[in-house]
Every structure is written in C-alpha cells, then in structure tokens.
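Peer 1: Here it is, the structure in full.
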Amino acid sequence: MSIETQRTPTTVRPPGSLAPASPDSLPMPLGPILPMLPETGMFFESAARLSPEALFNLAMQYEHGAGRPRDRAMAKHLLRSAADKGAVPALMHLAEECLKDGRITEGRGLLLHALTRGHAPAAEELANSYYRDDGDMGQAMRYWNEGARRGHARCAQRLAFLHELGCLGQEAP
C-alpha cells in the first residue's frame, strides 16, 4: 500500500505577497490516518530502533492511544529513552511535565539540554521559568538574550517590550 500526500489546488498569490497560504493550498499529509493502519505499527516500532524522533512519535502513540492501546507507563518509558538519545521534542515534552509538576530543577535541566541541541524555543521556556518560578530577572534576561541571539522572535519581542517599559536596566551577562 502506497502512502502519499494529498494535494489540493494551490492558491495563487501575487509575487512578494506576505499573505499566508490558505490551509486548502498546503499539502495534507495522511499522518492522522497512519496510526490506524495495522502495518504502520510495525513501521513505527522499527523506525524507533533507529531514530530518537521516531521513538518520540511512538511514545506519543502510546500516550494518546493512537493506533495502539493507551499505555502511559510505556509512553513515559519511550519518552525517557527518546530524551536520553537527544530527541528535542521528547526533551521539551518531559520538561513541560516536570515544570507543571513542580520539579523545576529537572525541567530546567531538560530545557537546557534542548537548548544545547540548538532548540531556541527552549531559551524562552528557561527564561519564563526563572522569571515565573523564582522571580530571577537576571537569569530570565540571560535566556531571553540567548533566545533572541539564536533568532527566536518571542524572546526578541520580550526584550523589546521590557526595554520600552524601562525595565531592562543592565543586561545580564
């Protein structure tokens, strides 16, 4: 059975137009259907042996019961394995869970690992955690600056907003 991407007629935009493409003009992957096909279960399990990202996807299938029985213990185990292998989505998912559960130090460690793997949004989450959980504006500034340096727009917007309010003072090193 061949798995292809459905395409709908594309919307023509004037050259240089910044208008977003309509959802109808974008290719529609058959992703949501994949977990329901029996042969994809074997595909994901085989891919998970090779790729940390595939391991993360398999964990999400178990967590949400997509194409396989819901099994939160298995999902947690697979997420941990994917995070240990450096899968950024797994690191971010586990960090979010830790921060929600009050395991701040563990969550920040996972975010820092994601940041060292080049995931700029992790800088924003780290900054927000320091600001929200500790009231530590110095550490928050450090990570908003790092995120902005890496091109993360929301970090740059936060810095601009704080500058306009006159809250920046001296930037953290």
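Each value in this text was obtained by applying a stated rule to the coordinates, not by laboratory testing. As the structure is a computational prediction, the values presented were derived from the model and not from experiment. Note that each Cβ is placed from the backbone with ideal geometry, even for glycine, and that neighbours are counted across all protein chains shown.
Peer 1: Show me the trypsin sites (Lys or Arg not before Pro) within segment 101-173 that DSSP assigns to loop and that have at most 10 other Cβ atoms within 10 Å of their Cβ. The partial results should precede the final answer.
Peer 2: On the way: sites: ARG103, ARG108, ARG117, ARG132, ARG142, ARG149, ARG150, ARG154, ARG158; in loops: ARG103, ARG117, ARG150.
In loop regions of segment 101-173 (DSSP not H, G, I, E or B), there are no sparsely surrounded trypsin sites (Lys or Arg not before Pro).
Peer 1: Using 0.36 nm times the number of residues separating ARG80 and SER51, minus their current alpha carbon distance, what extension gain do you get?
Peer 2: Working: separation 29, 0.36 × 29 = 10.44 nm, distance 1.37 nm.
Separation in residues times 0.36 nm, less the Cα-Cα distance, equals 9.1 nm.
Peer 1: Given R₀ = 30 Å, FRET efficiency for ARG68-LYS100 by Cβ-Cβ distance, to 0.05? If you can, show how the numbers build up before the last one.
Peer 2: Working: r = 25 Å, r/R0 = 0.83.
FRET efficiency, ARG68 to LYS100: 0.75.
Peer 1: Hey, another quick one. When a/c reaches 1.5 or more, the comparison of a/b and b/c decides; with that in mind, is segment 117-161 rounded, prolate or oblate per its Cα gyration tensor?
Peer 2: The shape class here is oblate.
Peer 1: Shape verdict for segment 71-135, please, from the Cα gyration tensor: rounded (a/c under 1.5), prolate (a/b greater than b/c) or oblate.
Peer 2: Oblate, because a/c is 1.5 or more while a/b does not exceed b/c.
Peer 1: In whole Hz and in residue order, list the ³J(HN,Hα) couplings for segment 83-92 that follow from phi through the Karplus curve 6.51 cos²θ - 1.76 cosθ + 1.60, θ = phi - 60°; x for Gly and Pro.
Peer 2: 5, 4, 8, x, 5, 4, x, 5, 4, 5
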